[in-house]
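Report on the structure given below.
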């Protein structure tokens, strides 16, 4: 059916609705007046706007539906991206930006995800910090830097690492030091310095580094019970 006028606006009648075989979860809205579909919408939009055969749509309504469908499509992209693993708000924004979405739309989607608690940077930071310490033997300084690189605020990153168990961090550093010790060459003093640098690169604080190097050196058969700390001066 040809577009009709209503108060000076074009009006379209929906003559057919068909599944979009190229895009799962989407439907094609068709009119007799156009060879091409009037628009393609997500199934949630189909229900939200009660798009059924015989429904009349003004040009203004059509534009509103298109805008809402873009929001829904962007939201679906974000949810799919989140399906693989937790993400920060900044990671979501970067991903949607790579999809060439408008900044305003990206902000709307990120705000919605935060309101729904689908993303929560503070909780993400806590989980990430514990996981990096437990599985990768990273120290709190490195973890804090990694969190900020992922878009977590300095405050949230600092709070997350402050909640790490100090004894667990020391134990992780000692394990890492003990594994590394046997691969280090040179005089005892040089080996201690090399081990300290290794642990610092992993992000451990100086106090933890000192204790971990001490534990690894004392446990070494060629060190015995002797130990001095001049190597750190």
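Only the coordinates and a few stated rules stand behind these numbers; no lab work does. As the structure is a prediction and not an experimental result, all values here were calculated from the model. Here the Cβ is made from the backbone with ideal geometry for all residues, glycine too, and neighbour counts use every protein chain on show.
Tabulated data
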quantity: Rounded tilt (10° steps) of 140-149 against the dominant C-alpha axis of the chain; calculated: 20
quantity: Centre separation in Å (Cα based) which lies between segment 108-169 and segment 47-74; calculated: 39
quantity: Mean separation of Cα contacts under 8 Å (6+ apart) over length of the chain, as relative contact order %; calculated: 12
quantity: Span per principal axis, largest first, for the Cα atoms of segment 47-122 (Å); calculated: 47, 21, 19
quantity: Difference of contour (0.36 nm per residue) and Cα-Cα distance, residue 165 to residue 185; calculated: 4.0 nm
quantity: Percent of C-alpha pairs per 5 Å bin, segment 5-106, short to long; calculated: 2, 11, 20, 20, 16, 12, 9, 5, 3, 1, 0
quantity: Overall form of segment 121-162 per C-alpha gyration tensor (a/c, 1.5; a/b vs b/c); calculated: prolate
quantity: Computed [θ] at 222 nm, deg cm²/dmol, the chain (DSSP H ≥ 4; -39,500 (n - 2.57); rounded to nearest 500); calculated: -18000 deg cm²/dmol
quantity: Contact order normalised by residue count of segment 121-162, Cα under 8 Å, 6+ apart, percent; calculated: 50
quantity: The chain - convex hull of alpha carbons, volume per residue in Å³; calculated: 161
quantity: Separation of the residue 155 and residue 116 label points, Cα + 7 Å toward Cβ, nm; calculated: 2.6
quantity: Additional length obtainable on full extension of the chain from residue 64 to residue 85, 0.36 nm per residue less Cα span; calculated: 4.3 nm
